[in-house]
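*Asks:* This structure is in structure tokens; I'll ask about it shortly.
The values are calculated or read from the model by the stated rules, or taken from the named source; none is laboratory data. Keep in mind that this is a model prediction, so the values were computed, not measured. Note that we place each Cβ from the backbone using ideal geometry, even for glycine, and neighbour counts take in every protein chain shown. The area values use the complete protein model at the heavy-atom level, side chains included, leaving out ligands, DNA and RNA. Shrake-Rupley method; radii C 1.70, N 1.55, O 1.52, S 1.80 Å.
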Amino acid sequence: MSEPIKKIFGIDLGTTYSSIAFVDEYGKPVIIPNAENQRITPSVVFFDGSEIVVGDVAKESAKLYPNEVVSFIKRSMGEADYVFEYDNKTYRPEEISSFILRKVAQDAEQTIGEKVRDVVITCPAYFGINEREATRKAGEIAGFNVRQIINEPTAAAIAYGTVQETENRTVLVYDLGGGTFDITMIDIQENSIDVICTGGDHNLGGKDWDDRIVSFLVQEFQRQTGSTEDILEDPDTWQDLQLSAEKSKKILSQRDKTPISITHGGERVKVELGRNKFEEISRDLLERTVSLTHEMLTEAKNKGYERFDEIIMVGGSTRMPQIPERIRREFNMEPRMFDPDEAIAKGAAIYGWKLSLNDGLIRRIAEKTNRNPDAEPDIMETTPANIMEEVVRQMSEETGVTLSAVRRSTISINDVTSKSFGVVARRPNNSEAVFNLILKNTTVPVDTKRSFYTPEANQERVLIRIMENESTDKVVPVEHSAEIGTAVLVLPAGLPEDSPVEIEFQLNREGRLLITAVETNEFRKVTAKIETRSVIQGKELEEAMARSQSLIVH
Ligand code: AMP
């Protein structure tokens, strides 16, 4: 009997829809439909008494119970002040997202008859440290072993890289989802997938196109009824218009016009929205994606990448015909629609599969060479080719996975950071500024150090303000940077003024930051824990974990 490969599931936790996939015994990524037999599940949560309802029913319930339904929670990930109150309890974005994760996982378990435990979850490339950490916490609250958080465009490129025939090409991934826009340049080679550069806006997505339709409908209602009332103040009308706007937008992807009816305060108004009008009222949104693409291309050029071979389009919103058409005009190249709704979950599943096969390879390398993989994180990369080939063969024989698939799992996948990270310190003129230690679009993992000096003698502690920004400059004004947390470094007694303190930032593959500081007089090394209010922790996390055991999710 061959040894089974542990399943690691890929979950696309989207702003508007989520989905889950795994790699089957033939090495093919497959989406697992939900209990309603849909391949994607609306990321909408309805608090219904003691039960939590996620998906289509929740989305429909928004009309009747607007105050009990939460949509677009992904846009609030990593927000320190977001809480949703229901039944005298407060819920943070991580916990609300955990309900979505549980729904897709539970339904998948029903279908395939296996427990979902190990997962890879995707997030926009644009997410910073806190949003990523919040995504990981959502998975942990849902009870998963979160193997890795990976970027959505990278996942799409992985899915793309495994289906295309020709290798060695540079592709642009234009990913316009429900709430986020990511534009990423990726170099796909036979043995590697390398992200070169990434850009975008995590507050630009299909929802903004919906909002334009909603505003248009409000104006039409006012024009036809002569009223000046803001009908969006009525939560029922607001929900109703949101749903009709999304429906109409989808119809306009197929047809030239669509009828829409608006009901408010006993009055009913009929409107016709044509595709031309829709394009006109949303043109600036599309243009913003074009200019963000150019910004990213300029950065890629600075890194020596002057051209690309292909544009692939993922994300449900690229179904709007004006999107590929505008991109074709801008770049004089036919963009390829690539599995817009499913590529990301499938890519995450393929990544999970790679991790699972790599676990097996690493175990066999360790046995063969007497090395300790815990002490050598890059054990695969440093294993000589002949031993690697032996281990690949052995693994293929023992698991029944084809030789080429096991070989393919050894390709390296390298991502970049979408943000710059630094600390606040004083300049020689005594004004404060952010000194970036890691610059945006650097390949991760990365490890950098920089020395700073204590301003006073006998200083007992240093408060490190950790900052995130999008500048590629080494020194940035504090107001152009967001504080993502603080860390306290306790110093040895009796240090003179101007004592050097070396601060080290290590950013790992999935964008987690580790901060250490070394006081260079006595070489005392301190690991500084990042304190932040933006990610659920402590008592709140414990409560969410405990609640997760008792709450039923449908
Ligand atoms: P994603 O986050 O990739 O699942 O994308 C979801 C977004 O795609 C939502 O804003 C949907 O309204 C939008 N979408 C899905 N299908 C279509 C379509 N046929 N035409 C226009 N937008 C669509």
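*Asks:* Using the crude model of +1 on Lys and Arg Cβ and -1 on Asp and Glu Cβ, and no other charge, please compute the dipole size for the stretch 206-281 relative to its Cα centre, in debye to 20.
*Replies:* About 500 debye.
*Asks:* Now a separate question. Starting from 0.36 nm per residue, how many nanometres of slack lie between V290 and E25 once their C-alpha separation is accounted for?
*Replies:* Full extension from V290 to E25 adds 91.3 nm.
*Asks:* Right, next: Not counting ligands, DNA or RNA, and with a 1.4 Å probe, what is F435's accessible surface area in Å² rounded to the nearest 10?
*Replies:* Surface accessible to solvent at F435 totals approximately 20 Å².
*Asks:* Go ahead and run the numbers for FRET between L232 and T90, Cβ-Cβ distance against an R0 of 30 Å, rounding to 0.05.
*Replies:* Step by step, r from the Cβ atoms, then E = 0.70.
*Asks:* Measuring from a point 7 Å past the Cα of A546 along Cα-to-C-beta, which residues in the stretch 81-115 have an amide N at less than 12 Å?
*Replies:* Within reach of a label on A546, which here means backbone N under 12 Å from a point 7 Å along Cα→Cβ, the stretch 81-115 contributes nothing.
*Asks:* Could you state the orientation-averaged shadow area of the convex hull built on the Cα atoms of the stretch 206-281, in nm² to one decimal?
*Replies:* Reported value for the Cα convex hull: 4.6 nm².
*Asks:* Also: How large is the Kirkwood hydrodynamic radius of the stretch 358-415, in angstrom, based on all distinct alpha carbon pairs?
*Replies:* Over the stretch 358-415, the inverse of the mean reciprocal pair distance is 11.6 Å.
*Asks:* State, to one decimal in nm, how far the label point of Y453 lies from the label point of R426, with both points 7 Å from Cα in the Cβ direction.
*Replies:* 1.1 nm
*Asks:* Please list H480, H264 in order of solvent-accessible area, largest first, computed with a 1.4 Å probe with all protein chains present.
*Replies:* I get H480, H264, largest accessible area first.
*Asks:* Using only DSSP helix segments of four residues or longer, with each worth -39500 (n - 2.57), what per-residue ellipticity at 222 nm results for the chain after dividing by its residue count and rounding to 500?
*Replies:* After summing the helix terms and dividing by residue count, I get -11500 deg cm²/dmol.
*Asks:* Leaving out ligands, DNA and RNA but keeping every protein chain, what accessible area does Y65 have, in Å² rounded to the nearest 10, with a 1.4 Å probe?
*Replies:* 100 Å²
*Asks:* While we're on this one: Accessible area of K440, 1.4 Å probe, to the nearest 10 Å²?
*Replies:* Roll a 1.4 Å probe over it and K440 shows about 40 Å².
*Asks:* A further question on this structure: Note the angle between two axes, namely the Cα long axis of helix 152-163 and the longest principal axis of the Cα atoms of the chain, as a number of degrees from 0 to 90, rounded to the nearest 10.
*Replies:* Helix 152-163 and the main axis of the chain meet at about 90 degrees.
*Asks:* Taking all protein chains together and a probe of 1.4 Å, list E279, E334, E543 from the most accessible to the least accessible.
*Replies:* E334, E543, E279
*Asks:* Find out how many positive minus negative residues lie around R533, taking Lys and Arg as positive, Asp and Glu as negative, among other residues whose Cβ is under 11 Å from that of R533.
*Replies:* -4
*Asks:* What distance in nm separates the two pseudo spin-label positions at R336 and E389, each 7 Å out from Cα along the beta-carbon direction?
*Replies:* Each label point is offset 7 Å from its Cα along the Cβ direction, giving 3.1 nm.
*Asks:* Classify the stretch 296-438 as rounded, prolate or oblate from the Cα gyration tensor: take a ≥ b ≥ c as the square roots of its eigenvalues, call it rounded if a/c is under 1.5, otherwise prolate when a/b beats b/c and oblate if not.
*Replies:* Oblate.
*Asks:* State the dimensionless ratio Rg/Rh of the chain (Rg: radius of gyration of Cα atoms; Rh: Kirkwood radius).
*Replies:* For the chain, the value is 0.99.
*Asks:* Quick one: if the Förster radius is 30 Å, what FRET efficiency do T369 and Q189 give, using the C-beta to C-beta distance and rounding to 0.05?
*Replies:* 0.65
*Asks:* Also, I was wondering about something else. Relative contact order, percent, of the chain when contacts are C-alpha pairs under 8 Å separated by at least 6 residues?
*Replies:* 16 percent
*Asks:* Going from most exposed to least, what order do K529, K137 have by accessible area with a 1.4 Å probe?
*Replies:* K529, K137
*Asks:* Evaluate the distance, in nm, between pseudo-label points positioned 7 Å from the Cα of N276 and of K247 along their respective Cα→Cβ axes.
*Replies:* 2.6 nm
*Asks:* Going by a ≥ b ≥ c, the root eigenvalues of the Cα gyration tensor, does the stretch 420-529 fall in the rounded group (a/c under 1.5), the prolate group (a/b larger than b/c) or the oblate group?
*Replies:* Oblate is the answer for the stretch 420-529, as a/c is 1.5 or above yet b/c matches or exceeds a/b.
*Asks:* Which angle between 0 and 90 degrees, to the nearest 10, do you get for helix 206-225 versus the longest principal axis of the chain when only C-alpha atoms count?
*Replies:* On a 0 to 90 degree scale, this one is about 30.
*Asks:* Separate question: Relative to the first principal axis of the alpha-carbon coordinates of the chain, what is the inclination of helix 129-141, with its axis defined by its Cα atoms, in degrees from 0 to 90 and to the nearest 10?
*Replies:* Helix 129-141 sits at roughly 80 degrees to that axis.
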